[in-house]
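Just below is one structure, and these are the notes that go with it.
Throughout, read-outs are computed from the coordinates displayed, never taken from laboratory work. Just so it is clear, the structure is predicted and the values come from calculations on it, not from any experiment. Cβ: placed from backbone, ideal geometry, glycine included. Neighbour counts: every protein chain shown.
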Amino acid sequence: MQIKQLASETGVGSYTIRYYEDIGLLPQARRSDIGYRRYNQYDVLSLNFIRRCKDLRMPLVAIKSLVAVQA
């Protein structure tokens with residue numbers, strides 16, 4: 001799926017998804033032959049986990065530690 005689909009499925013904006021990739025909270029997206037970001041079901045699960053942590057008002061640095069333990 002592309003970033004727009006991921007954003008729609010998770011309720012997280014595409015700019016936020018790119019930011020999470022930039023800071024290492026999400027792994028860098030794979031790219032299609034023409035350079036589009038490509039995401040899979042693992043990315044959906046990861047982003048939903050991050051969103052739930054944010055809903056609990058956890059700081060990004062704490063979420064990043066939890067994501068690292070999951071990987």
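Once both labels are positioned 7 Å from their Cα atoms along Cα-to-Cβ, the gap between R31 and K54 label points is 2.5 nm.
Taking the longest Cα principal axis of the chain as reference, the axis of helix 60-70 is set at about 80 degrees. Between A62 and Y19, the modelled label-to-label distance comes to 1.8 nm, taking each label 7 Å out from Cα in the direction of the beta carbon. Note on the chain: with charges restricted to the Cβ of Lys and Arg (+1) and Asp and Glu (-1), its dipole about the Cα centre is near 80 debye. Taken along its principal axes, the alpha carbon cloud of the chain reaches lengths of 36, 21, 19 Å, longest axis first.
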